[in-house]
Every structure is written in C-alpha cells, then in structure tokens.
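Colleague: Before anything else, here's the structure in question.
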Amino acid sequence: MKKSLILLAGFPGTGKSYLANLIIEKFSSIKLLSPDNIKEKNWDLYGFNNLNEKEELIQRSWKEYYQEMEEEFRQGKSVLSDYPFSEKQRDKLDQLTRKFNYQVITIRLIADLDVLFARQKKRDLDDTRHLGHILTSYHKNDSIISRENADNLLDYKEFIRRCTTRGYDKFSLGTLYELDVTDFSKVNYDLLLLNLEKQLLGKEKT
C-alpha cells in the first residue's frame, strides 16, 4: 500500500464518520486521526469557562493533531482524517505530506444545505454528541443540561453562513473524489471503495 493521507472533507452532517468506519473496516492498517476526538479529549481534561478558553483548547488540539500526524508519517503509516477541512488547514497538510512524500486523497462530501442542517440539529441533540460542541462553558463533571437549552447550538442562519463562506465545498488536496450525500440510499460507497483500493495500491482511479 502506498503511503497515503485520506481526507474526508466537506460540509458538516454529511456522514464523514460513517464513511471513515467503512474505510477502516476495509483497510484495517490505516490509522484514524480525528481533530474532533482530540478536541473532545482536551475539553474533558481541562474544561472551559467561556468561548475564549474553548478556542484556546481548540488551537491546542490542532497542534496536537499535526504532531500526531507527523509521528504517524515518520513511522510510514497511512492516515485517515475526517473534518470539514478548509483553507485554514490546507497549507500545513500540504507541507507535511510533501515532507514525508505521502500521496493525498480528498473525499469531499456535499449535500443540500437544508437537509444537512436538519441532520446537524439532530446530531447535536443526540446523547452521543459531546456537550463541548454545543456549550460556551463545559466541565466534564458538570450536571447534564437539557440539550435543547444548550447555549451554543447553531441556528439555521449561522449554519448556512458557515457552509457558504468557509469553503468546505471547495477544499481539495491531491486526488479528489466528490460524493453527493443528500440521499444516503443513492450513494455508491462500493464504487468509491473500489477506486480507493486501486489508488492505495498505486493504480489509477476509474
């Protein structure tokens, strides 16, 4: 297998975690490295009292993320990472993959934004969603609040603003695959996995 960085990019609510699981199931030697997992770990470890402290932990998490990625690259391991990547991350990812001579594959997931807002809202209200994403103040041992009353939930206007101004639907590094996941039942994941396998083995995509 060629040394590879696979980036699952695109809008929030497009099923990146689901696709990541499909890829890891098929290619078990690939290491999953998720920025959100690192953020959530730090939120639990340190907590935050306001948005400034939350942002400090987010920036700390990105530093850890790039450090962990570099360590995996030093060991020659292929990495899969899922996030709504934008130009903010592009230069650093490009720098690291060039430094270690890794091929990059971007799988960009897009969909109708109204559909995605409904998915995002449902996910934020789900008990499995880390509370740090939807609160302006969080400590692990705080009493659980009603998620509907969380003070940092995205409203429709802000969700659309982020999706239309941050370039989630334009991010690309290396070889690009784009999937429309407005209707999950119509997504041909098998074809994507087949093309991915060919590229990881050093063949051209079809």
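The values are calculated or read from the model by the stated rules, or taken from the named source; none is laboratory data. Bear in mind the structure is a predicted one, so any value in this text is a computation, not a measurement. Positions of Cβ are generated from backbone atoms using ideal geometry, with glycine treated the same way; all protein chains shown enter the neighbour counts.
Colleague: Can you confirm whether TYR46 is on the phi < 0 side of the Ramachandran plot, among the aromatic types (Phe, Trp, Tyr) and buried (at least 20 other Cβ atoms within 10 Å of the Cβ)?
Modeller: no
Colleague: When you check LEU176 against the structure, is it over 24 Å from ILE38 (Cα atoms) and in contact with a Ser or Thr (Cβ under 6 Å, 6 or more places away or on another chain), yes or no? Break it down into steps so the answer makes sense when it comes.
Modeller: On the way: over 24 Å from ILE38 (Cα atoms): yes; in contact with a Ser or Thr (Cβ under 6 Å, 6 or more places away or on another chain): yes.
Criteria met by LEU176.
Colleague: What are the residues in the stretch 190-206 that are surrounded by fewer than 16 Cβ atoms within 10 Å (Cβ to Cβ) and either among the hydroxyl-bearing types (Ser, Thr, Tyr) or without any contact (Cβ under 8 Å) to a residue 24 or more places away in the chain (or both), if any?
Modeller: Hits for the stretch 190-206 are ASP190, LEU191, LEU194, LYS198, LYS203, GLU204, THR206.
Colleague: Additional query: In the list GLN89, GLN103, which residue meets the criterion of being among the polar types (S, T, N, Q) and over 18 Å from LYS2 (Cα atoms)? Talk me through it step by step, then tell me what you get.
Modeller: On the way: GLN103 fails: over 18 Å from LYS2 (Cα atoms).
Only one candidate passes the filter, namely GLN89.
Colleague: For the stretch 126-141, state whether one or more residues are modelled with pLDDT of 95 or more, surrounded by fewer than 13 Cβ atoms within 10 Å (Cβ to Cβ), over 14 Å from the mean Cα position of the chain (by Cα) and among the β-branched types (Val, Ile, Thr).
Modeller: Within the stretch 126-141, none of the residues are modelled with pLDDT of 95 or more, surrounded by fewer than 13 Cβ atoms within 10 Å (Cβ to Cβ), over 14 Å from the mean Cα position of the chain (by Cα) and among the β-branched types (Val, Ile, Thr).
Colleague: Moving on to the next point. Regarding TYR65, is this residue in contact with a Pro (Cβ under 6 Å, 6 or more places away or on another chain) and in a helix (DSSP H, G or I)?
Modeller: Values: in contact with a Pro (Cβ under 6 Å, 6 or more places away or on another chain): yes; in a helix (DSSP H, G or I): yes.
Yes; evaluated as a whole, the condition is true for this residue.
Colleague: Residue by residue through the stretch 149-189, note down the ones that are basic (Lys, Arg) and surrounded by 13 or more Cβ atoms within 10 Å (Cβ to Cβ). Write out each step before concluding.
Modeller: The first filter runs over the stretch 149-189 and keeps only residues basic (Lys, Arg), leaving 157, 161-162, 166, 170, 186.
Once the filter is applied, which keeps residues that are basic (Lys, Arg) and surrounded by 13 or more Cβ atoms within 10 Å (Cβ to Cβ), the stretch 149-189 yields ARG162, ARG166.
Colleague: Quick check, is SER61 hydroxyl-bearing (Ser, Thr, Tyr), at pLDDT 95 or above, surrounded by 15 or more Cβ atoms within 10 Å (Cβ to Cβ) and within 19 Å of GLN103 (Cα to Cα)? Write out each step before concluding.
Modeller: Values: hydroxyl-bearing (Ser, Thr, Tyr): yes; at pLDDT 95 or above: yes; surrounded by 15 or more Cβ atoms within 10 Å (Cβ to Cβ): yes; within 19 Å of GLN103 (Cα to Cα): no.
So SER61 fails the test.
Colleague: So which of ILE23, ILE38, ILE105 ends up being touching a Ser or Thr at 6+ places or on another chain (Cβ under 7 Å), part of a helix (DSSP H, G or I) and buried (at least 18 other Cβ atoms within 10 Å of the Cβ)? Don't jump to the end; show me each part of the working.
Modeller: Working: ILE23 fails: touching a Ser or Thr at 6+ places or on another chain (Cβ under 7 Å); ILE105 fails: part of a helix (DSSP H, G or I).
It is ILE38.
Colleague: If you take the residues in the stretch 116-152 that are among the aliphatic types (A, V, I, L, M) and either touching a residue at least 60 places away in the same chain (Cβ under 8 Å) or not in a loop (DSSP other than H, G, I, E, B) (or both), which one is farthest from PHE11 (Cα to Cα)? Can you show your working first?
Modeller: Narrowing the stretch 116-152 to residues among the aliphatic types (A, V, I, L, M): 116, 118, 125, 131, 134-135, 144-145, 150.
Still in the list and also either touching a residue at least 60 places away in the same chain (Cβ under 8 Å) or not in a loop (DSSP other than H, G, I, E, B) (or both): 116, 118, 125, 131.
Details: LEU116: 8, ALA118: 13, LEU125: 18, LEU131: 20 Å.
Restricting to residues being among the aliphatic types (A, V, I, L, M) and either touching a residue at least 60 places away in the same chain (Cβ under 8 Å) or not in a loop (DSSP other than H, G, I, E, B) (or both), the top hit is LEU131.
Colleague: How many of the residues in the stretch 26-35 are touching a Leu at 6+ places or on another chain (Cβ under 8 Å) and either closer than 20 Å to ASP142 by Cα or surrounded by fewer than 17 Cβ atoms within 10 Å (Cβ to Cβ) (or both)?
Modeller: The initial filter retains those residues of the stretch 26-35 that are touching a Leu at 6+ places or on another chain (Cβ under 8 Å), namely 26-27, 30-33.
Those left that are additionally either closer than 20 Å to ASP142 by Cα or surrounded by fewer than 17 Cβ atoms within 10 Å (Cβ to Cβ) (or both): 26, 31-32.
So the count comes out to 3.
Colleague: I need a count of the residues in the stretch 41-62 that are within 24 Å of LEU7 (Cα to Cα) and part of a strand (DSSP E or B).
Modeller: Qualifying residue count for the region: 0.
Colleague: Within the stretch 36-51, is there a residue that is touching a Leu at 6+ places or on another chain (Cβ under 7 Å) and without any contact (Cβ under 8 Å) to a residue 12 or more places away in the chain?
Modeller: Yes, some residue in the stretch 36-51 is touching a Leu at 6+ places or on another chain (Cβ under 7 Å) and without any contact (Cβ under 8 Å) to a residue 12 or more places away in the chain.
Colleague: Next question. Looking only at the stretch 1-20, which residues are more than 23 Å from THR97 (Cβ to Cβ) and not in a loop (DSSP other than H, G, I, E, B)?
Modeller: TYR18
Colleague: Output the number of residues of the stretch 153-182 satisfying the condition of being free of Cβ contacts under 8 Å to residues at least 60 places away in the same chain, of a type outside the set (Asp, Glu) and assigned to a loop (DSSP other than H, G, I, E, B).
Modeller: Counting residues in the stretch 153-182 that are free of Cβ contacts under 8 Å to residues at least 60 places away in the same chain, of a type outside the set (Asp, Glu) and assigned to a loop (DSSP other than H, G, I, E, B) gives 3.
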